[in-house]
Amino acid sequence: MELTVLAVSFTVLLLLGMPVAFAIGLASVATIVAAGLPVPVVFQKMVGGMQVFSFLAIPFFVFAGELMLYGGIAERIIRFANSLVGHVRGGLGMSNVLGCTIFGGVAGSPMADVSAIGSVMIPLMKKQGYDTDYAVNVTTHAALVGALMPTSHNMIIFTLATAGIASVSVLGLILAGLVPAVILTLCNLAAAYWVAVRRGYPVHGAFPGWGIVLSSFLAALPGLLVVAIILGGILSGAFTATESASIAVAWALLITTLVYRSLSRENFLRACAKACKTTGVVLLLIGISNAFGYFLALYEVPQKTGELMKLVSDSPWVIFLMINLLLFVLGTFLDMAATILVCTPIFMPIAMQYGMDPLQFGILMLINCALGLNTPPVGTVQFVGCAIGGISVGQVMRTIAPFYAALGATLLAVTYVPAFSLWLPNLLK
């Protein structure tokens, strides 16, 4: 009875358009009342869920990404990417993919990525004669790579969502995401080039020479070093994964104020305000999802879900496919943090039961969540890209198939070839 109240109330509130955090909270309260337990239990679980030292990494990583966004680093990255691949057919599309990937590694946020790179590249591509739907699809899919990068705060959220299920280190998850990020980038480049050839987009100029490539790389290098600093510091033991987030903020401030001198007082205040807002939303979701997860464990939702899946098949290949499909569907209705916090306690035990490593499942989860960011009805990254391009979501969805195929190929590779996500963590143990 209580499990029915939890599921029905949560679903109904989402369909009514209520924000996810409030839908989760009210569903938890309704379940508490139906179970005859004290209502303060919900608030105790909420507060307890937010009182974790590792959560300090979330506001710092978010703030570092906003400083990168408003500090003018994106323009230098675009110039470097364009000097490298801008001369091939559909070169601006290829430059867009590389620019989004590189900036995603610096900012760690698909939303910041599409806002920063998209605001420059989408209008430029339209001006150069590229179709708007192509410009938007290239940008929004390339921006998703940021979810797999070392500066992604969603990795921190996932490691915390695994508490009580398995021991997942932030460093291990960071290392597990690097190879899939490269694979996703290559798949995005292939999709961008394939569409450019089919549509007959022109070649813009000749290769500028390695001297120009080197100079543009050196101009972008100070901003790019944040990834090397984070990985090097954690691997060497100079600081922990949590402390690395504060190092990222300090480096972002140093680069944008003293080296590039591109962070104005107004933009600094905007970055502070945006980081505070994002952090508040994420921590509220974490606290409320902790109460929600308490009921999932109490009423054995993972075990019951696993039993239902067994009725379909006992094959790990089929089970993993069903998990991906369910995560994709849920990801289209929930934001990334909410999907991680709600779905990890349900599906991770099932995946582990069939032999999937927790780190591999983490990357699988992040890719599925990223796919949801570019799929209506939630699709926040897609909505931002469409707003910048001045095109409707329906027009973009009609030509999205090649880019979905790139993301799907990466997801299947991570799902069925464990080495893609586990080779680097095992190598550096």
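Rule-based calculations on the coordinates, nothing more; no lab input. Keep in mind that what you see is a predicted model, and the values were worked out from it rather than measured. FYI the Cβ positions are ideal-geometry reconstructions off the backbone, even for glycines, and counts take in every protein chain you see.
Normalised by residue count, segment 89-152 yields a Cα convex hull volume of 59 Å³ per residue. The phi-based Karplus calculation (6.51 cos²θ - 1.76 cosθ + 1.60; θ = phi - 60°) puts the 3J(HN,Hα) values of segment 165-172 at 9, 7, 8, 10, 8, 5, 4, x Hz, whole numbers, x for Gly and Pro.
Taking the inverse of the mean 1/r over every pair of distinct Cα atoms in segment 181-283 gives a Kirkwood hydrodynamic radius of 17.5 Å.
Defining a contact as two alpha carbons under 8 Å apart and six or more residues distant in sequence, what relative contact order in percent does segment 98-241 show?
Normalised by residue count, the contact order of segment 98-241 is 26 percent.
In terms of Cα to Cα distance under 16 Å, which aspartates and glutamates are near enough to K310, apart from those fewer than 8 places away along the same chain? Of all the aspartates and glutamates, those that pass the test against K310 - Cα under 16 Å, at least 8 places apart if same chain - are E300. Computed over segment 252-318, the P(r) curve from all C-alpha pair distances, binned at 5 Å from the origin, holds 3, 13, 11, 10, 9, 9, 9, 7, 8, 9, 8, 4, 0 percent per bin. Here's the list of lysines a cross-link from K277 could span, going by alpha-carbon distance under 28 Å and ignoring same-chain residues fewer than 8 apart: K45.
Here log10 I(q)/I(0) by the Debye sum over Cα atoms at q = 0.06, 0.13 Å⁻¹ was calculated from the structure, and among [x] -0.28, -1.30; [y] -0.24, -1.15; [z] -0.28, -1.16 it sits at label [y]. Going from the residue with the fewest nearby Cβ atoms within 10 Å to the one with the most, K310, K274, K429 rank K429, K310, K274.
Between segment 20-47 and segment 349-387, how far is it from one alpha carbon centroid to the other, in angstrom? One Cα centre to the other: 26 Å.
Cβ crowding within 10 Å, taken as a proxy for footprinting-reagent exposure, orders I319, I247, I102 from fewest neighbours to most as I247, I319, I102. Per-residue ellipticity at 222 nm computed for the chain from its helices equals -25500 deg cm²/dmol, with DSSP H segments shorter than 4 residues left out and the rest contributing -39,500 (n - 2.57).
In order along segment 395-410, phi translates into HN-Hα couplings of 5, 5, 5, 5, 10, 8, 3, x, 7, 4, 4, 4, 5, x, 5, 5 Hz, rounded to whole numbers, per the Karplus curve 6.51 cos²θ - 1.76 cosθ + 1.60 with θ = phi - 60° and x for Gly and Pro.
Entry note, segment 39-427: relative contact order of 27 percent, from Cα contacts under 8 Å with a spacing of 6+ residues. Kirkwood's formula applied to the C-alpha pairs of segment 249-288 gives a hydrodynamic radius of 11.4 angstrom.
Spin-label model, V182/L214: points 7 Å from Cα along the beta carbon direction are separated by 2.4 nm.
3J(HN,Hα) along segment 148-163, derived from phi through the Karplus expression 6.51 cos²θ - 1.76 cosθ + 1.60 where θ = phi - 60°, amounts to 9, 8, x, 8, 6, 6, 5, 5, 4, 4, 5, 4, 6, 6, 8, 4 Hz, with x in place of Gly and Pro. Along the axis of the charge dipole computed for the chain (Cβ charges of +1 for Lys and Arg, -1 for Asp and Glu, origin at the Cα centre), the listed residues A23, L366, A34 are led at the positive end by L366. Please state the shape class of segment 129-229: rounded when a/c is under 1.5, otherwise prolate if a/b exceeds b/c and oblate if not, all from the C-alpha gyration tensor. Oblate, since a/c reaches 1.5 and b/c is not below a/b.
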